[in-house]
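Written below as structure tokens is the structure these notes are about.
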Amino acid sequence: MTRSSSVSLPPSVGGTAAASPAAATQLAPAGLYVLLSGLLLPLIDFSIVNVALDALSRSLGASPTELELMVAVYGISFAVCLAMGGRLGDNHGRRRVFAWGVGLFGLASLLCGVAGSMGLLLVARVLQGAAAALIVPQILSTIHVGLKGQAHSRALGFYGAVGGLAFIIGQVLGGLLVSSDLWGMGWRSVFLINLPICVAVLACTRRWVPETRREQAVDIDWPGTVWLALLIVCLLLPLALGPIVGWSWPCWVPLAAALPIAAQLWRVEHRQARSGRHPLLPPALLKLHSVRFGLLIAVLFFTCWSGFMFVMALALQAGAGLTPLQAGNAFIVLGLSYFVSSLISARVARRLGHVQTMLLGCGVVLAGLLLLVWTLHAVWPHPGAFNLAAATAVMGWGQALIVGSFWRLGLSDVPADGAGAGGAMLSTVQQAALGMGSALLGAIFAHALRGGQSYLEATVTALWVEFAVIAVLAMCVLAYHLQLRRHR
């Protein structure tokens, strides 16, 4: 399917059928690089704190629950505010809101870096997540409305490359900063490192990033925003805290409430659309087959991705006794392979097609998981960057093909005027899946350990679960491909 699909959206999605003149402004390469530099900020902060948790706990006397909350509230705030961030960019100008987000992210990072208590750190992390939600939707929307054809596909490849590399950079950079203890800052440096990046991005934004927005501003969908926030909190918070508090009843109550809350959100958004208002999550977008497929991809793949990174980090440090720096370095080859694959993914997609490229990516990841399981059995208890290189390189190559195809497929039918809502919808589900992945695969890993399995056995158990989920994704992609062929 292509971006020129004949599927049209009613006024409830985009107001007008065509993008405004400002939205048609061409995005130059320099502007794309500025946007991608901004993308690094919020995504690195997902993983950079993982290797700083032990030092942070000793410094502030944080309990395990407080540490888990410090990680969780960032992701929850990020996911809750994403759709609103897309709407604000559509209305007030995507470049302007992007700059607001970068400035706020810098302020929140400063507050994190100087925090003297866990209370202040938690508040600053919530603010940091909200700022990240202002940044990310503007990047995807500006690419979607500012580029066409091959340039659009190539930019999405870069977007996917930076998004994947951010997790790897976070692991490696976090270990390096904590181990180096620059100027005695310790864990604080993982937050303060954001400040010069924020300043540089802000200095370049006005010069190289074009301003784009909707032709007609739309009202804020407050009922949809509130119900969406409740849904995300009820899903992510119990999943994050469940393994620590023993999955007691306070965890199960919000999880049980998530289903009726989701139903109520659906009713509210349909009511907003029928009344001529502009819903935060337009039901008309969900009528687009490519968007629905993109949401399915997000749930299955990104749950596996974050779960894999979380379990491997635990296994390498707690199980194999690697230092934070050594554990981070074990992912360098995966990151390099991911980056190279992302750069050529647009070329592969042009030759094979987006759906076929995703199917290829699933096959490569499955092969990488099999190779990783075999490698862990062969080298344990001495895994490292060198002996894990082959398996992680294969996995990184396949992951990049999947991620690049995810954005191209998910946005293929979305018109320019619905770019903010479409990008925010996909990003919201992506971030929620990233939050669920570490909790779900982490729970499987912890359950296996409590059941008497060794660290190697528990890691392999979690990897087999990931293998099964990726296999399900591959079958879904194949079914989607066959359905497209029948409709041609």
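The values are calculated or read from the model by the stated rules, or taken from the named source; none is laboratory data. No experiment lies behind these values; they were computed from the predicted model shown. Because the Cβ atoms are built from the backbone with ideal geometry, glycine has one as well, and the counts that use them run over all protein chains shown. Areas reflect the complete protein model, heavy atoms only, side chains present, ligands, DNA and RNA absent. Shrake-Rupley method; radii C 1.70, N 1.55, O 1.52, S 1.80 Å.
Evaluate the following for residue 36: is it assigned to a helix (DSSP H, G or I) and at negative phi?
Yes; evaluated as a whole, the condition is true for this residue.
Residues checked against (1) in contact with an Asp or Glu (Cβ under 9 Å, 6 or more places away or on another chain); (2) of a type outside the set (A, V, I, L, M, F, W, C); (3) closer than 29 Å to residue 144 by Cα:
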{"site": "35", "(1), (2), (3)": "no, no, yes"}
{"site": "38", "(1), (2), (3)": "no, yes, yes"}
{"site": "41", "(1), (2), (3)": "no, no, yes"}
{"site": "54", "(1), (2), (3)": "no, yes, no"}
{"site": "68", "(1), (2), (3)": "no, yes, no"}
{"site": "76", "(1), (2), (3)": "no, no, yes"}
{"site": "79", "(1), (2), (3)": "no, no, yes"}
{"site": "84", "(1), (2), (3)": "yes, no, yes"}
{"site": "90", "(1), (2), (3)": "yes, yes, yes"}
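Are any of the residues in region 357-371 open to solvent by 60 Å² or more (accessible area, probe 1.4 Å) and of a type in the set (Val, Ile, Thr)?
The answer is no; no qualifying residue exists.
Conditions first: (1) in contact (Cβ under 8 Å) with a residue 60 or more places away in the chain; (2) open to solvent by less than 20 Å² (accessible area, probe 1.4 Å); (3) farther than 16 Å from residue 201 by Cα. Residue 102 passes all but one, so which condition is the exception?
It is condition (3) that residue 102 fails.
Here is a list of conditions, (1) crowded, with 24+ Cβ neighbours inside 10 Å; (2) under 20 Å from residue 331 (Cα atoms); (3) modelled with pLDDT of 80 or more, and residue 194 meets all of them except one; can you say which number that is?
(2)
Quick one: which helices (runs of 4 or more DSSP H) lie wholly within region 181-277 and hold at least 2 residues that are aliphatic (A, V, I, L, M) and closer than 26 Å to residue 96 by Cβ?
Result: 194-208, 222-245.
Of everything in region 331-370, what is of a type outside the set (A, V, I, L, M), in contact with a helix residue (DSSP H, G or I) (Cβ under 6 Å, 6 or more places away or on another chain) and in a helix (DSSP H, G or I)? Give them in sequence order.
The answer is 335, 337, 338, 339, 341, 342, 345, 354, 357, 361, 362, 368.
If you go through region 143-150 one residue at a time, do you hit one that is out of contact with any strand residue (DSSP E or B) (no Cβ under 7 Å at 6 or more places or on another chain), surrounded by fewer than 22 Cβ atoms within 10 Å (Cβ to Cβ) and assigned to a helix (DSSP H, G or I)?
Among the residues of region 143-150, at least one is out of contact with any strand residue (DSSP E or B) (no Cβ under 7 Å at 6 or more places or on another chain), surrounded by fewer than 22 Cβ atoms within 10 Å (Cβ to Cβ) and assigned to a helix (DSSP H, G or I), which makes the answer yes.
Per-residue answers, yes or no, for (1) open to solvent by less than 40 Å² (accessible area, probe 1.4 Å); (2) under 23 Å from residue 316 (Cα atoms); (3) not acidic (Asp, Glu):
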residue: 428; (1), (2), (3): yes, no, yes
residue: 434; (1), (2), (3): yes, yes, yes
residue: 441; (1), (2), (3): yes, yes, yes
residue: 456; (1), (2), (3): yes, yes, yes
residue: 459; (1), (2), (3): yes, yes, yes
residue: 463; (1), (2), (3): yes, yes, yes
residue: 468; (1), (2), (3): no, yes, yes
residue: 472; (1), (2), (3): no, no, yes
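Are there any pairs, at least 6 apart or on different chains, whose C-beta atoms fall under 8 Å, with the first in region 273-302 and among the hydroxyl-bearing types (Ser, Thr, Tyr) and the second not in a loop (DSSP other than H, G, I, E, B), and if so, which?
Short answer, once both residue conditions are applied: 290/409; 290/410.
Can you report the number of residues in region 56-78 which are more than 15 Å from residue 438 (Cα to Cα), open to solvent by less than 20 Å² (accessible area, probe 1.4 Å) and touching a residue at least 60 places away in the same chain (Cβ under 8 Å)?
Residues that pass the stated criteria total 2.
What tally of residues in region 286-320 results from selecting those that are modelled with pLDDT of 85 or more and not in a helix (DSSP H, G or I)?
1
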